[in-house]
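Colleague: Dropping a structure here in structure tokens format, bear with me for questions.
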Amino acid sequence: MVSKTSSGALEFMNIYSSRNPLQFFEETGKNGWNIISTVSPNEINKYGKDKKIDQEDIHDILSSGPCLLVIGSEGKGIRTNLIKRSEYTVSLNSSRDELDESVDSLNASVATALFLQKIIG
């Protein structure tokens, strides 16, 4: 259970859920939110170059209005229909040239922490 791994922080946050994520994305977009979906570096061009942003751009987008940063599950990622409804796609780029290309994703909590660093940094 997520609550057991949250180290007590869960009690200080509002938690929301949606039975229909696609409808949630559409309503969120209509309310002026920018939706940024995270994808693996191997798939960043798959959803259109007009959606692709660099990880350094997240902070600038956030300063222009509210953002919803969507982190996918490990292995499967985010459903394609949700990524297509996003305004932007972003991936974490490795600064190591020797990183094996077969490693295309990180643990979801690690990826979230790295993206949040870009938002607040």
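Colleague: How would 16, 47, 88 rank on accessible area, largest to smallest, probe 1.4 Å?
Modeller: Values: 16 180, 47 30, 88 60 Å².
Final ranking, largest accessible area leading: 16, 88, 47.
Colleague: How big is the accessible area of residue 22 in square angstrom, nearest 10, if you roll a 1.4 angstrom probe over the protein chains?
Modeller: For residue 22, solvent-accessible area is about 40 Å².
Colleague: Through the Karplus equation 6.51 cos²θ - 1.76 cosθ + 1.60, θ set to phi - 60°, convert the phi angles of the range 53-68 into ³J(HN,Hα) values in whole Hz; use x for Gly and Pro.
Modeller: Karplus-based 3J(HN,Hα) across the range 53-68 equals 10, 7, 4, 6, 7, 4, 4, 5, 5, 5, 6, 8, x, x, 10, 10 Hz.
Colleague: Using heavy-atom solvent-accessible surface (probe 1.4 Å) with all chains present, what is the largest-first order of 89, 80?
Modeller: My answer, sorted largest first, is 80, 89.
The values are calculated or read from the model by the stated rules, or taken from the named source; none is laboratory data. What you are looking at is a predicted structure, and each value in this text was computed from that prediction instead of being measured. Heavy atoms of the whole protein, side chains included, go into the accessibility calculation; ligands, DNA and RNA do not. Shrake-Rupley method; radii C 1.70, N 1.55, O 1.52, S 1.80 Å.
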